[in-house]
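> Dumping the structure here so I can ask a few things about it.
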């Protein structure tokens, strides 16, 4: 639902980068964590709408999904957790340290040459 | 020719994060404690805040910002408890961001405040991504919603510091399974503090007030 805002924020940063480096942007790579609050399908949809009539009208959005990876502070076990059940599968310690999964990262831009 | 790849490696919401960090520093310098409230629409945020602010207004200097897509209704309600209330109408945006908060604070001397409450737009999804510079984020879940809301909206529960179960006076009528709700909150966010309240009967309000007053000791 706020994916359109996310797409617009992306474009703001992309404009700055494109102005600095020059040239058209062929594709943009983003990393979206499972626990980022952003839905990848909704972002793809929002991107199609947001890019219209902008310098990024033909820029393809490439999304890398980042899983929710947590580490157990008790036994050190690292596992990929479901968002709704993050406890350690080995020693059942409930509180886990989140290693990845919150990313909302503009990773890179592929420029036309 | 091979395409050029520009490494950016920046948070998409960098601008918001930078603004939120600046706000947090301003709040700290001014010595004002800022607490934000998020929940789905209709979970009782405004009634809860009305009650909380009425209790706290006698002892402390308080103010509130309240976000909605449209209308000034909530601000008008909260003004009954405290005159310093501003409405943020977001238009179409489903969440508050740091820029809106900064703009809404314009002209207020933060040094003259002890507590600032921010009521976010009723929404359990979008507000989770936006840091507002608050010291504490409270997520509210009412007894008339499903006990499994935390499992369905894990991100917002995971980014909040405290969960509040509201409308406890209606729990029996709604056949609310309190134990299941608590279990679900703790599954998503282990160790989370949970406070049960009823703005109607006043149950849990003293505990809430003490919790928020406790925060100020840290500022």
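Values quoted throughout were computed directly from the atomic coordinates according to the rules given, and no laboratory measurement underlies them. None of the values given here were measured: they were computed from a predicted structure. Because the Cβ atoms are built from the backbone with ideal geometry, glycine has one as well, and the counts that use them run over all protein chains shown.
> If you bin every alpha carbon distance in segment A:53-113 into 5 Å steps from zero, what whole percent lands in each bin?
4, 17, 20, 13, 10, 8, 8, 8, 6, 4, 1
> Based on the Kirkwood radius over alpha-carbon pairs, what is the Stokes-Einstein translational diffusion coefficient of chain B at 37 °C with 0.692 mPa s viscosity, in µm²/s?
Numbers: Rh = 17.9 Å.
Diffusion coefficient, whole number: 183 µm²/s.
> How far is the Cα center of segment B:29-76 from the Cα center of segment A:1-53, in Å?
If you average the Cα positions of each part, the centres end up 33 Å apart.
> Among A:110, B:72, rank each residue by its count of other Cβ atoms within 10 Å, from fewest to most, as a rough exposure measure.
B:72, A:110
> Calculate the spin-label point distance for residue B:7 paired with residue B:194, positioning each point 7 Å from the Cα along the beta-carbon direction, and give it in nanometres.
In this crude label model, residue B:194 to residue B:7 measures out at 4.5 nm.
> Report the far tail of the P(r) of the protein assembly as shown, meaning the percent of Cα-Cα pairs longer than 27 Å.
Numbers: 27236 of 54946 pairs.
Considering the protein assembly as shown, 50 percent of its Cα-Cα pairs are separated by more than 27 Å.
> Now for a separate question. Can you give me the relative contact order of segment A:3-111 as a percent, contacts being Cα pairs under 8 Å and 6 or more apart?
It comes to 36 percent, rounded to a whole number.
> Sticking with this structure for a sec: Between A:68, A:43, A:99, find the one with the highest GNM mean-square fluctuation for chain A; connect C-alpha pairs within less than 10 Å.
Of A:68, A:43, A:99, the Gaussian network model singles out A:99 as fluctuating most.
> May I pose another question? With runs of 4+ DSSP H residues as the only contributors, calculate the mean residue ellipticity of the protein assembly as shown at 222 nm using -39,500 (n - 2.57) per run, divided by the residue total and rounded to the nearest 500.
-9500 deg cm²/dmol
> Neighbour counts of other C-beta atoms within 10 Å: give me A:112, A:95 arranged from fewest to most.
A:112, A:95
> Under 18 Å from a point placed 7 Å out from the Cα of residue A:71 along the Cα-to-Cβ direction: which residues of segment A:87-113 have their backbone N that close?
A:87-103
> Counting partner chain Cβ atoms within 10 Å of every residue's Cβ in B:121-127, what's the average?
If you average over the peptide's residues, the count of other-chain Cβ atoms is 3.
> A follow-up question, please. Shape verdict for segment B:24-136, please, from the Cα gyration tensor: rounded (a/c under 1.5), prolate (a/b greater than b/c) or oblate.
In terms of gyration-tensor shape, oblate.
> Let me ask something else. What shape does segment A:30-72 have by the C-alpha gyration tensor, where a ≥ b ≥ c are the square roots of the eigenvalues, rounded means a/c under 1.5, and otherwise prolate means a/b greater than b/c and oblate the rest?
prolate
> Another question, if that's okay. Across every pair of different alpha-carbon atoms, what Kirkwood hydrodynamic radius in Å does segment B:105-219 reach? Let's see the in-between values first.
Details: mean 1/r = 0.0654 Å⁻¹.
Evaluated on segment B:105-219, it is 15.3 Å.
> Tell me, B:129, B:39 in order of fewest to most beta-carbon neighbours within 10 Å?
Working: B:129 24, B:39 28.
So the residues, fewest neighbours to most, are B:129, B:39.
> Also, I was wondering about something else. Modelling each spin label as a point 7 Å along the Cα-to-Cβ direction, I'd like the residue A:90/residue A:44 distance in nm, to one decimal.
3.6 nm
> A further question follows. Rounded to whole Å and sorted largest first, list the principal axis extents of the Cα atoms in segment B:1-74.
Projected onto the principal axes, the Cα atoms of segment B:1-74 cover 69, 33, 18 Å.
> If you don't mind, there's one more thing I want to ask. Mind checking Rg over Rh on segment B:86-132, alpha carbons, Kirkwood formula for Rh? Mind showing how you got there, number by number?
Details: Rg = 11.5 Å, Rh = 11.7 Å.
Rg/Rh: 0.98.
> Right, another one. Classify chain A as rounded, prolate or oblate, taking a ≥ b ≥ c as the square roots of the eigenvalues of its Cα gyration tensor: rounded when a/c is under 1.5, otherwise prolate if a/b is larger than b/c and oblate if not.
Here chain A falls in the prolate category.
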